[in-house]
1. In contact with a helix residue (DSSP H, G or I) (Cβ under 6 Å, 6 or more places away or on another chain), more than 14 Å from every other protein chain (Cβ to nearest Cβ) and surrounded by 16 or more Cβ atoms within 10 Å (Cβ to Cβ), is that true of residue A:19?
2. Just to verify a result, which residue in the range B:84-99, among those that are assigned to a strand (DSSP E or B) and touching a residue at least 60 places away in the same chain (Cβ under 8 Å), is surrounded by the fewest Cβ atoms within 10 Å (Cβ to Cβ)?
3. Where residues in the range A:32-54 are modelled with pLDDT of 90 or more and more than 12 Å from the chain's Cα centre (by Cα), which of them is surrounded by the fewest Cβ atoms within 10 Å (Cβ to Cβ)?
4. Only residues that are farther than 16 Å from residue B:4 by Cα, touching a residue at least 24 places away in the same chain (Cβ under 8 Å) and out of contact with any helix residue (DSSP H, G or I) (no Cβ under 6 Å at 6 or more places or on another chain): list them for the range B:59-83, please.
5. Quick one: which residue in B:39, B:26 is touching a residue at least 24 places away in the same chain (Cβ under 8 Å) and under 23 Å from residue A:91 (Cβ atoms)?
6. What number of residues within the range B:1-23 are in contact (Cβ under 8 Å) with a residue 40 or more places away in the chain and in a loop (DSSP other than H, G, I, E, B)?
7. Kindly establish whether residue B:18 is closer than 17 Å to residue A:102 by Cα and either in contact with a helix residue (DSSP H, G or I) (Cβ under 8 Å, 6 or more places away or on another chain) or surrounded by fewer than 16 Cβ atoms within 10 Å (Cβ to Cβ) (or both).
């Protein structure tokens, strides 16, 4: 079974530029999460989708971050414009609809903002 | 409010020694509990989980954890550590219901001396 796929693995941009990350979930996983993980910290939930609807985006900085999950499968996370403090690893995780919380993670996309 | 505490930020053990990583949680209902491991540059991988039943759970890579309701703890153990176990370890509590998500600890960094 293929795992959660993320791209790009690494991205370096200058502040005020934009960046987009892509996530392809495990087939059949209805729930998808984007996490931000700053170096030395635990994952911080940015947004949670169930199919193509948003369940929780309370910690998403909506003035600069956006995410979508068209057709309830792939998802993209965009940052525009980026700030220095956005330097982090962006993790995508998915789970089955009936799951009690076990998440399957991709390898992450590491963003460096200069 | 739900929270997860990992008291040890960093632990160093010698190869072959036993290991215990502490995790305490605060959650009003019966918790779903998880330990994830993150190797450098990688996403998070599930080590083990507790949903119900036997309070001693076995996981991958020789790890086990014991749920103690009276102490609100879910400590991770391994009898003999290998150099490849050096990684970041995260404890998490699963919030049940439609808004399924994990509450994360800040992680414990494990170093293994040869």
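1. Spelling it out, it is not the case that residue A:19 is in contact with a helix residue (DSSP H, G or I) (Cβ under 6 Å, 6 or more places away or on another chain), more than 14 Å from every other protein chain (Cβ to nearest Cβ) and surrounded by 16 or more Cβ atoms within 10 Å (Cβ to Cβ).
2. Here the residue is B:95.
3. A:53
4. Once the filter is applied, which keeps residues that are farther than 16 Å from residue B:4 by Cα, touching a residue at least 24 places away in the same chain (Cβ under 8 Å) and out of contact with any helix residue (DSSP H, G or I) (no Cβ under 6 Å at 6 or more places or on another chain), the range B:59-83 yields B:59, B:61, B:63, B:77, B:79, B:80, B:81, B:82, B:83.
5. After applying the criteria, what remains is B:39.
6. Residues in the range B:1-23 being in contact (Cβ under 8 Å) with a residue 40 or more places away in the chain and in a loop (DSSP other than H, G, I, E, B): 10 in total.
7. no
Conditions tested, residue by residue: (1) in contact with a strand residue (DSSP E or B) (Cβ under 6 Å, 6 or more places away or on another chain); (2) within 24 Å of residue B:49 (Cα to Cα); (3) more than 12 Å from chain B (Cβ to nearest Cβ).
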position: A:13; (1), (2), (3): yes, no, yes
position: A:46; (1), (2), (3): yes, yes, no
position: A:58; (1), (2), (3): no, no, no
position: A:85; (1), (2), (3): no, no, yes
position: A:108; (1), (2), (3): yes, yes, no
position: A:114; (1), (2), (3): no, no, yes
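The values are calculated or read from the model by the stated rules, or taken from the named source; none is laboratory data. Please read these numbers as outputs of a predicted model, since none were measured by experiment. Cβ: placed from backbone, ideal geometry, glycine included. Neighbour counts: every protein chain shown.
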